Each structure stands twice: as structure tokens, then as C-alpha cells.
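The values are calculated or read from the model by the stated rules, or taken from the named source; none is laboratory data. Just so it is clear, the structure is predicted and the values come from calculations on it, not from any experiment. Cβ placement follows ideal geometry from the backbone for every residue including glycine, while neighbour counts extend to all protein chains displayed.
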Amino acid sequence: MLLSIRKQPIVQIINDHLIDYPTPSNLSYFWNFGFLAGMCLTIQLLTGIALAMHYTPHVDLAFLSVEHIMRDVNGGWLLRYIHANGASMFFIVVYIHIGRGLYYGSYIQPRAFVWILGTVILLLMMATAFMGYVLPWGQMSFWGATVITNLFSAFPIVGTKIVTLLWGGFSVDNATLNRFFSLHYLLPFAIAGAVIVHMAAVHQDGSNNPLGIASISDKISFFPYFFIKDTLSFIVFLLFFSYFVYFAPNVLGHSDNYIPANPMVTPEHIVPEWYFLPSYAILRSIPDKLAGVLALFASILVLLLLPFINTSNIRSSLYRPLHQFFFWFFIADFILLGYIGQQTPESPFIEIGQIAGVYYFAYFLIILPSLGLIEKKLINLQH
């Protein structure tokens, strides 16, 4: 009986990918962030579906429907705070997941497809998060949507048409809100599909490991060893997440979003959510609008180039002391860009943003390819 159950296709897939899946025995806790990202997606999907049952995508009712969720729906305040802060938790986990991939060379062949899929997931996440930020229809929602969608007007010939298509008219209005709500509801399911393919691709070539070497002969089953490890990380993550939900639910948001959207009153300082700030800082540091918009998109799309411009034969940074220095400098640079992104666009923040932006692109396009060539020369000299 048990043997026949195990032969069922669904049971066999679960067994092959979650129970008997051969996993490198030396994986550190940094490899838990992929699992945590999946848990964040699940939380966002469940809370988002529940919130959609009470939300009204209309410019006259959206803000009031959010207040209705907070005040009148049983547990509505909890659902909304979990969903709103869950977006930030999702990005924290994914940024650490990407950082781990950069440090341990997870973009190097044969995992190029896995890395590209991960970048696509990041782009879908950003689009979904932006549209979700517009839905409460507060001041920052309205003006954030107005500023960000207007960026597309910088593109010659098609720019204005793209903006009109996004707006559904000639200004950010009811048609815009309806489109954003529809896409915000749809895109997470696209993300879920991409995540499944991402996981399948990882399991096809096998997980990377801290040593960056093939570990064919040193693998153990995922269950129970890494299942217990993932469970522990999830409990710690929930404690961290719960602090923001219960004790600081608005600290990662903007206070202006508790003011109903008013097209006649512009906020003193329009800023996106914190997870967009590094790219936003790059955008604002460039005087030319079109160049700034191209740099904004390039700051994410540059990740797609890494598997193709890599020149290093060494995968893990544990054996690349030069790269360790530049990597941690890059992390500091990324945090600095996030800080600059929330400051007013004036001197010296513009100049600092320009310098930080130059290093951001130099790390990917110049430093990483050059380090691989330098390492090869050093190895040849030693031999």
C-alpha cells in the first residue's frame, strides 16, 4: 500500500524535491533565505487574497475601504499590517538571498539560468510592490504613482503612449487604480509560477555551497536535516517579523499615506518605499531625465549580465580575498544609496549619490570581470 502511494506522481515529486533531495552537507544559514523568501510569498498571497475581499478599487472609496479593513473587519488590522510589513520582509530576505549569491558566485555556470530566473522574480516583485503601494490611495500613493509613471515619458516617441496606457487616461485617476489593483492581484501568481521553475532549475543542477566546489560525494537528504534547519530559521524570522507587525507597524512606511490622496496638494518630499531607494538615488543623481530612467532600469537589469561577463574560475569568495574587499564595499555602497534616496535632492546628497552610483555599476561591469582576469594571472605566476 505504502509502496503504491510513493509511486504516485505528486508524492514522488514531493519526495524527490523536499524529502530525499540530495543537499550539500556544508550549507550555512545563508542558504535558508531562499526558503524564507518562499514563506514570505505564501504569506503575501494569503493575506492579499483576504484583503482583496474587503478592498474597493475606486478613487472615492479606496482610502475608506482600507480604514474599514483596519477598524471594522475582524482581524483586519492584523491582515493589513502583516501584508504591508510582509512586503518589506520579502525584500529584506530577497536582498540577503541575492547578496549570498553574489558572494558565493551562484550566478556562475551551470546556474546561469537559475540566476536569470531570480532576477526576473525580483523585477516582478518590484512591479507588484509598487502597484500595491498605490492601492491605499493616500498622499504618497497618489504622488508616488504620478512621479514614477511619469518617468516613462522620458522615452522618445513611445513614452507618452506608455504613460497614457498605464494611467488609462490623461492623469492618475480611477482607471489607473483599477489597473494597478488588477495587476497587483495577478502578478503574485506569476511570481509563484516563476519561483516553482526557479526551484526546479536549482534542483536540476544542484545547490551551490560555501566552498563553491562540486559536492557530489558529500550530500545528505533534505529531510530531516535541512528541514529542521529551515524550521529554526523560520521561527527566528517570525519573531523579527512579529516585532514590526505588533510594535512598529508603520515604521517602514510613510506617514503621509494616512492622509487621503489630494491631487491639489503636493507632499513636501515624495519618496518611494525603502526597498526602491537605492535605484531611486541613482535616478535622481543623473541630471538628464532619460539617462536617469535608463540608469534606474539598468541598476536591476545589470544582474542579468553577470553569468555572461564573469571571468573567474573560482566560485566562492572564501578563496577570493580581493573580491571580499570589493564585495563588502559594494554592500556599504548599496546601503549608502538607500540613505541618499530618502534625502532631499540637493548638494551634497546629489554628488554623493553620483559617486555611489558610479561604484554600483563599476562593481558589476568593471571590477568583477577584471578581478577574474587578475586572479588568473596570479595563479599562473604561482605555477
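Data overview
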quantity	calculated
Residue that is nearest to the chain's Cα centre (by Cα) [pool: residues in region 212-227 that are modelled with pLDDT of 80 or more and β-branched (Val, Ile, Thr)]	ILE213
ILE98, sole failed condition from (1) under 27 Å from ASN174 (Cβ atoms); (2) modelled with pLDDT of 95 or more; (3) within 21 Å of the chain's Cα centre (by Cα)	(1)
Subset of region 60-80 that is of a type in the set (A, V, I, L, M) and crowded, with 19+ Cβ neighbours inside 10 Å - its residue that is farthest from MET140 (Cα to Cα)	LEU79
Yes/no for ILE366 being β-branched (Val, Ile, Thr), without any contact (Cβ under 8 Å) to a residue 12 or more places away in the chain and surrounded by fewer than 17 Cβ atoms within 10 Å (Cβ to Cβ)	yes
Selection count, region 231-267, where residues are among the β-branched types (Val, Ile, Thr) and not in a loop (DSSP other than H, G, I, E, B)	4
Region 205-221: number of residues that are crowded, with 17+ Cβ neighbours inside 10 Å and without any contact (Cβ under 8 Å) to a residue 24 or more places away in the chain	0
Which listed residue is crowded, with 21+ Cβ neighbours inside 10 Å, closer than 21 Å to ILE191 by Cβ, in contact (Cβ under 8 Å) with a residue 12 or more places away in the chain and of a type in the set (Phe, Trp, Tyr), from TYR133, TYR95	TYR133
Tabulated pairs, region 139-153, first touching a residue at least 12 places away in the same chain (Cβ under 8 Å), second aromatic (Phe, Trp, Tyr), C-beta under 7 angstrom, 6+ apart or interchain	SER141/TYR133; GLY144/TYR133; ILE148/PHE130; THR149/TRP167
Check on GLY105, surrounded by fewer than 17 Cβ atoms within 10 Å (Cβ to Cβ) and either at positive phi or touching a strand residue (DSSP E or B) at 6+ places or on another chain (Cβ under 7 Å) (or both)	no
Test: residue in region 322-336 that is among the charged types (D, E, K, R), touching a residue at least 60 places away in the same chain (Cβ under 8 Å) and not assigned by TED's automatic domain parsing to the domain that holds PHE91	no
VAL202 vs. criteria surrounded by 15 or more Cβ atoms within 10 Å (Cβ to Cβ), of a type in the set (A, V, I, L, M, F, W, C), within 22 Å of the chain's Cα centre (by Cα) and farther than 29 Å from TYR107 by Cα	no
Extreme residue, farthest from GLN139 (Cα to Cα), among residues of region 165-176 that are surrounded by 14 or more Cβ atoms within 10 Å (Cβ to Cβ) and either among the polar types (S, T, N, Q) or in contact (Cβ under 8 Å) with a residue 12 or more places away in the chain (or both)	LEU166
Flag for SER65 being among the polar types (S, T, N, Q), assigned to a helix (DSSP H, G or I) and over 15 Å from the mean Cα position of the chain (by Cα)	yes
Answer residue from region 29-59, given it is without any contact (Cβ under 8 Å) to a residue 24 or more places away in the chain and not in a helix (DSSP H, G or I) and is nearest to ASN208 (Cα to Cα) among those	MET53
Condition met for LEU336 (at pLDDT 95 or above and crowded, with 18+ Cβ neighbours inside 10 Å)	yes
PRO110 modelled with pLDDT under 95, surrounded by 20 or more Cβ atoms within 10 Å (Cβ to Cβ) and within 23 Å of PRO210 (Cα to Cα)	no
Of the criteria (1) free of Cβ contacts under 8 Å to residues at least 24 places away in the same chain; (2) farther than 25 Å from ARG100 by Cβ; (3) surrounded by 14 or more Cβ atoms within 10 Å (Cβ to Cβ), which one GLU346 fails	(3)
